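What follows draws every value from the coordinates through simple rules; no lab data is involved. Bear in mind the structure is a predicted one, so any value in this text is a computation, not a measurement. For neighbour counting, all protein chains shown are included, and Cβ atoms are generated from backbone atoms with ideal geometry for every residue, glycine included.
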Amino acid sequence: MELRQLRYFVQIVESGSMSRAALELDMVQSALSQQVSRLEGELATRLLQRTPQGVSPTEAGLAFLREARLTLRHAEQAARAAQQARLAGSVSIGLAPTTSAMLGLPLMQAMRTRYPDVRLHMVEGMSGHLASMLRAQELDLAVLFGHRPDLLELRQPAGSAGRRWQVQPLVEEELFLVRGSASAPLPDTLATQALRGEPLILPTGPHGLRSTLDAAFARAGIAPTIALEVDSLAMVMAAVDAGLGSTVQPWAALGRYPDALQRFRTARLDDPTARRVNLLCSRADDALPPACLAARNVVRDCVRQLADSGRWQGVGIVHGE
């Protein structure tokens, strides 16, 4: 059980309607209903009853509501107490372009609200370049890509054998075939084999996404048709938009387009192995100053909120050990 679930439940009761609560919380209604179902499942009791007029708490829900409000008040008091001694300092965070499209602005806004005295330095770059900057301690935190945390290549240079790394999985991203709007409609899902002969615009071999896709193509027994190789997300999407070919990307690649659903056609790859994990990487806890530890928590909170609200589609939260 998490504080956000308590906030969701209290908002639903106070709104008297699941749809109105979803609007207040800036969530899609299905995601909010799913959170309530998880809460009821964890408590093994029904908290809300649905009526033609909306929703109202059951007897168990009323008892839970009183304690939830009390818990939230205590949490707010704890937050105010912590903010009396505000953190200061600077934090540098690296994000790949796809991740930045979804996480960048919410993260900057959350840091400004929660830690206004911390100076934030944001860097956007390819995952391999960010890993090099992290190794050189030019970044405090970075969201990198890998299949599992133990596959992440944070190899220390000579003379740094004592350096330890903290690697936490954040989300696993599904991949989508993306075409321009002028193309024929796509089904909701596609098998990897259906990409045979598809003119693809992809990053080059060393890129983490390309490695994931090449492995998926090999498992499907197909050789991809490469129309263009482009190591820039903005140029890839511009080329797709112009009808020069298709691409395969996580949903986050569409994050900078408010009209993405009108501008592009998409189909999710129905392949559980064709996925990408976002990993939150930093030095070990004892090597990070308090401002960096706080920023790392904010990154995790923002990712959960984006996933739970439905704004970051095609992802699932990955829980670390």
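Here are the numbers for this structure:
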| read-out | value |
| --- | --- |
| Potential lengthening between Ala218 and Ser37 on full extension [0.36 nm per residue; Cα-Cα distance subtracted] | 61.2 nm |
| Length-normalised contact order for segment 3-83 - Cα pairs under 8 Å, 6+ apart - percent | 31 percent |
| Length-normalised contact order for the chain - Cα pairs under 8 Å, 6+ apart - percent | 23 percent |
| Rounded FRET efficiency, nearest 0.05, which uses the C-beta distance separating Asp286 from Thr58 and R0 of 35 Å | 0.15 |
| Gaussian network model of the chain, springs between alpha carbon atoms under 10 Å - residue of Ala260, Ala44, Ala238 with greatest fluctuation | Ala44 |
| Per-residue Cβ neighbour rank within 10 angstrom, fewest leading, Trp251, Trp165, Trp312 | Trp165, Trp251, Trp312 |
| Label-point separation in nm, Arg4 to Asp117, each point 7 Å along Cα→Cβ | 2.8 nm |
| Net lengthening on full extension, Thr189/Ala78 (0.36 nm per residue, minus Cα-Cα) | 35.4 nm |
| Span from the segment 17-66 Cα centroid across to the segment 180-240 one, whole angstrom | 41 Å |
| Length released on extending from Gln29 to Met133, taking residue separation times 0.36 nm less the Cα-Cα span | 33.4 nm |
| Simple label model, 7 Å out from Cα along Cβ direction - Arg196 to Asp241, nm | 3.4 nm |
| Nearest-20 debye value, the chain charge dipole, Cβ charges on Lys, Arg, Asp, Glu | 440 debye |
| Cβ-based exposure ranking for Ile222, Ile201, Ile12, in which fewest neighbours within 10 Å come first | Ile222, Ile201, Ile12 |
| Computed magnitude of the charge dipole of segment 173-275 (debye, nearest 20; Cβ of K, R +1, Cβ of D, E -1) | 80 debye |
| Residues Val118, Val299, Val10 arranged by fewest to most Cβ contacts within 10 Å | Val10, Val118, Val299 |
